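The values are calculated or read from the model by the stated rules, or taken from the named source; none is laboratory data. All figures in this text were calculated on a predicted structure; none of them were measured in a lab. In this analysis, Cβ positions are derived from the backbone assuming ideal geometry, glycine residues included, and neighbour counts consider all displayed protein chains. The area values use the complete protein model at the heavy-atom level, side chains included, leaving out ligands, DNA and RNA. Shrake-Rupley method; radii C 1.70, N 1.55, O 1.52, S 1.80 Å.
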Amino acid sequence: ELARQLMLKKITTASFISFLSAMLFLTILGGVFLWEQIPDYFASFVYYPLARTFSEREFIRGLVCFISMFPPAFIIGCLYPACLQHVADVARGIRIRTISSAIALNTVGNILGVIITGFIALPWMGTLDTIKLLAILSAFVCIYFLMFSSSRQRIVIGFPALAGLIVFNMIPEDFNYTRLASGSNVYFKEQNYGEVIDHLESLDGGLTTVHDFSVSDEKIFKVLLTNGKFQGTDDIQGEMIPQLSIGLVPLQHTESRNQALVIGYGTGATARILHEAGFNRLDVVDISNDIFLMADKYFLPVNNGVTTKENVNKVVTDGRNYLLLSDRQYDLVSIQISSIWFAGAASLYNHEFYQLVNRNLTADGVLQQWVQLHHTTPYDLVYIIGTLRSVFEYVRLYVVGGQGILVASNTPKSDPSNETIRTLQEIPYVEYLARNGIDAFSHLQNTLLMGPEAVDRLVKSFIAEHGRLPVSDNDNSILEYSTPKSNVLDSSASYSQNIEWLAGFRRQ
C-alpha cells in the first residue's frame, strides 16, 4: 500500500530513501537528549507509589526502551525494502543477480557494522561521538539520494534534515556521566557515589566509572562502578574490610600456596592479598579490560600493581570459559563477580559451574565466592547455598562487613590454627593496614555464620519441605530469573531478615 501511494504521488524511491535517512539523522540525534533524562526519570519514582513491584518496574523499563529504540528501528526497517526497490529499479535486466548481491552486501554490512561500532568506535570514541558518527553517515546517505529528487521533494526532505542540523548543534560535548552512572536504573532511586572523574565504555564492560566521593568539598575516597553498580572502593574504614576479608577468609582454610585463581578483579584488593600470601602463580580473570585499566590507574594504593608482578597472569575473558579451557589445578579459586542478577552472572552460581571449579581444584583445594545478603530472599539464598553444597561436601558462610563469603571444599577443615593466623598477619598489606590502625583480623572474629553442620540442616529442611535438592542449574536457571525480582526489597530489612533466618539453622 505504501509503494502504491508513492507511485500515485510520483515520489521516487530515491526521494523516499533520502527522506527516511533525514528522519533517521534527526531521530538518532534526538535520542541523545532522551538518554540524559532516563536516569532522573527512573529516580523520580522513589516519590511515587508506582514502581514498587518487580513487574511494575520491568514495565517501566520496557516502555523506556521502546520509546528509545522503536523510532530509529522502525525507520531502519523501512529503509531496507526501500533500498532493495531502488536497486531493482536501477538494475533493469539483471534484477535477480543485483538484488541478491545487495542482500549479501547488507548482511556483510551488518556484521562489519557491529564489529566496527562495538569493538573500535565505542571504546575509542565513546558513546556520544559514536552516535554523532552514525547520524553523520545517515546525513551523507540523505544527501546522496537527494541528488536524484525533484526540487519540490527536496523542500519536503529539507525540513527533517534542517531540524537534525539544529539538534546536532545543540548536543553537548559529552554526557553527564555522574547522572548516567547514578544507579537509578537498578533501584529506581539515585545512589550517591560522588562525581565521575573518569570513565571507559566498551561492549564487555558497558560503562565503567570512577567516582570521587566527597563531603563538604573534601575528597574522602574513590569508588569504582560498572553500569551504576558498586564494584569497590579505597575507603579503608568502610568497604575495604569486606574486600580484604574475601582474600583472608579462605586462606584460613588452606595452607597450600602453589596456584590460585581470582575471577573478578574489582579494585584488586583480593588479588593483592593472595599474591602477598605467597602463591607461586596467580591468575586474575575479568570479563572487562576496563576494570583492569581503571583499577590499576586509580586504585594503585589498594592493589599495588599486582597484575604487573612476574608471577601474576592477567586474562581478559569470561571466568567460566577460562576454566573450561584450563587444565591447571588450583589450591584456591576466589570468585567476586558483581550481583547475581547481572546478565550472565547467575551461571557462575549454577551446579555445572561448581562442577567445573571442582575439576580445577586440588584434592584439598578451596573455593571462595562472594554472595550478597541484601536485596535477596531466603528462597534465593537456599538455592545459592544448596547448589554449592550439591558439589562440595563442606560449605561455610561468613559475614564480614555486611557481605556474605562462601567457602567450600571437599576435605574437612577445622578452625584455623594460631600458626595459620600468624602467617596471614605477616602479609605485607595486612601489616601495613595494622600500622595504620586497621586490624583486619579483629573484623574476622565471630564472622562464621554457618558451619558445615548448619548448611546441611538448611539443605535438609528444604528437602523435607519440597522433596528435592535446592539446586540451580543451566536447565532450570532458577537464580537467573529469581534474583532480579529482589531488587525491589529494602536493603537493610532484607539483610536483617536473611541474617536472622540463616542464624536459626546454627542454633538448632
**Prompt:** Which order do peptides 272-278, 163-169, 418-424 fall in by mean Cβ count within 10 Å, highest first?
**Reply:** 272-278, 163-169, 418-424
**Asked** Treating the beta-carbon of each Lys and Arg as +1 and of each Asp and Glu as -1, no other charges, what is the dipole magnitude of the chain about its Cα centre, to the nearest 20 debye?
**Response** 1940 debye
**Item:** Accessible area per residue, Å², segment 253-410 with all protein chains present, probe 1.4 Å
**Value:** 31 Å²
**Item:** Whole-Å semi-axes of the ellipsoid equivalent to segment 403-480 (Cα gyration tensor, √5λ, descending)
**Value:** 36, 16, 12
**Asked** Loop-only check: which GluC sites (Glu not before Pro) in segment 421-482 are DSSP coil with at most 16 other Cβ within 10 angstrom?
**Response** Glu426
**Request:** Determine the percent antiparallel among the DSSP beta bridges restricted to the chain, to the nearest 5.
**Result:** 65 percent
**Message:** Just want the answer: with Cβ charges of +1 for Lys and Arg and -1 for Asp and Glu, which residue in Gln336, Thr13, Pro412 is farthest toward the dipole's positive end in the chain?
**Reply:** Thr13
**Candidates per trypsin sites (Lys or Arg not before Pro) in segment 48-145, loop by DSSP, up to 16 other Cβ within 10 Å** = Arg52
**Request:** Quick one: Debye curve from the alpha-carbon atoms of the chain only, equal weights, vacuum; give me log10 I(q)/I(0) at q = 0.06, 0.08, 0.09, 0.10 Å⁻¹ to two decimals.
**Result:** -0.37, -0.62, -0.74, -0.87
**Complete:** Quick calc, segment 246-360, dipole around Cα centre from Cβ unit charges on Lys, Arg (+) and Asp, Glu (-), nearest 20 debye, gives 80 debye
**Complete:** Two pseudo-spin positions, 7 Å from Cα along C-beta at Asp415 and at Tyr432, lie apart in nanometres by 3.1 nm
**Message:** What distance in nm separates the two pseudo spin-label positions at Asp475 and Val90, each 7 Å out from Cα along the beta-carbon direction?
**Reply:** 5.4 nm
**Item:** Table column - 3J(HN,Hα) (Hz), segment 197-214, Karplus curve with 6.51, -1.76, 1.60, x for Gly and Pro
**Value:** 9, 6, 8, 9, 10, 6, 5, 7, x, x, 9, 9, 10, 10, 10, 9, 8, 9
**Prompt:** Dipole of segment 404-508, Cα-centred, from +1 at each Lys and Arg C-beta and -1 at each Asp and Glu C-beta, to the nearest 20 debye?
**Reply:** 200 debye
**Item:** Links that overshoot a 26 Å alpha carbon limit, given the list Lys229/Lys314; Lys189/Lys297; Lys189/Lys485; Lys132/Lys222; Lys229/Lys485; Lys132/Lys485
**Value:** Lys189/Lys297; Lys132/Lys222; Lys132/Lys485
**Request:** Highest first, please rank the peptides 110-121, 343-354 by the mean number of other Cβ atoms sitting within 10 Å of their residues.
**Result:** 343-354, 110-121
**Asked** Label point 7 Å out from Ser44 along Cα-to-Cβ: which residues of segment 64-96 have amide N under 19 Å?
**Response** 64-69
**Fill in**
When the charge dipole of segment 78-221 is computed with +1 at the Cβ of Lys and Arg and -1 at the Cβ of Asp and Glu, the Cα pointing farthest to the positive end, of Ala161, Gly118, Ala135, is that of Ala161
